[in-house]
């Protein structure tokens, strides 16, 4: 119980700390940035995968896929995975809060969502790093 | 009489700003979000986790021969385009498209872009849809 008396009241906790020191503001900013990155990626992805129909029996598509399976692009895929997972799980957090879940404990919900991000990322990192190092997938 | 400071009359309450995107857009953003989480998990599992290093025309065509996986791709295409462009609209509404006229022009422009992407994406998937 020592030190409890010195703790600032909840309402005053962030006063003077500056707007950008609050977890929720960073959550919001990263949500926007990851969202914008994903918009650009989606458009690029539609164009790239549509090369399957650019004449021939997928010759253009195969050469593009060969490029994107080089280790450096697989590593960049992992960066994309971080953006996707953060955006997805922060979105789940927002939808849960819309439904009234954890509205009194924002940080608990936020960090729980981030824990799911870390767990899912570990799976993708395992698959990708196995491929980068050994050149093989994890299932064959 | 002191004249009102320029611009002060246009400040809108925070609540009105938060809902400026519209109720239906808000609802569809959440519906598409839920669809994207489910379909993206399937897409990433089958396309990238189970087939890493194997990607190519044959490999993708093999998967698209299954109607259910083609359906997942179509849902991803439609839900992804809507969710992406509506999200982009929500960001842009905060910065430059603040007046009603600009906001409407933005919405129209994004619908044109979105429908064009949808048509192009459907064309790319057409051999497997039919």
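The values are calculated or read from the model by the stated rules, or taken from the named source; none is laboratory data. Computed from a predicted structure; not experimentally measured. Cβ atoms come from the backbone with ideal geometry, glycine included; neighbour counts cover every protein chain shown.
Just one of the listed residues (A:72, A:37) is modelled with pLDDT of 90 or more, in contact with a helix residue (DSSP H, G or I) (Cβ under 6 Å, 6 or more places away or on another chain) and either assigned to a helix (DSSP H, G or I) or loosely packed, with under 14 Cβ neighbours inside 10 Å (or both), namely A:37. Residues in region A:97-110 that are under 21 Å from the mean Cα position of the chain (by Cα) and exposed (fewer than 14 other Cβ atoms within 10 Å of the Cβ): how many? Selection size over region A:97-110: 3. Summed over region B:32-49, residues that are more than 8 Å from chain A (Cβ to nearest Cβ) and in contact (Cβ under 8 Å) with a residue 24 or more places away in the chain total 5. Could you check, for region A:113-135, whether at least one of its residues is within 30 Å of residue A:66 (Cβ to Cβ), free of Cβ contacts under 8 Å to residues at least 40 places away in the same chain and not in a helix (DSSP H, G or I)? Yes, region A:113-135 has at least one match. Residues in region A:49-59 that are more than 7 Å from every other protein chain (Cβ to nearest Cβ) and either buried (at least 16 other Cβ atoms within 10 Å of the Cβ) or modelled with pLDDT of 90 or more (or both): A:51 only.
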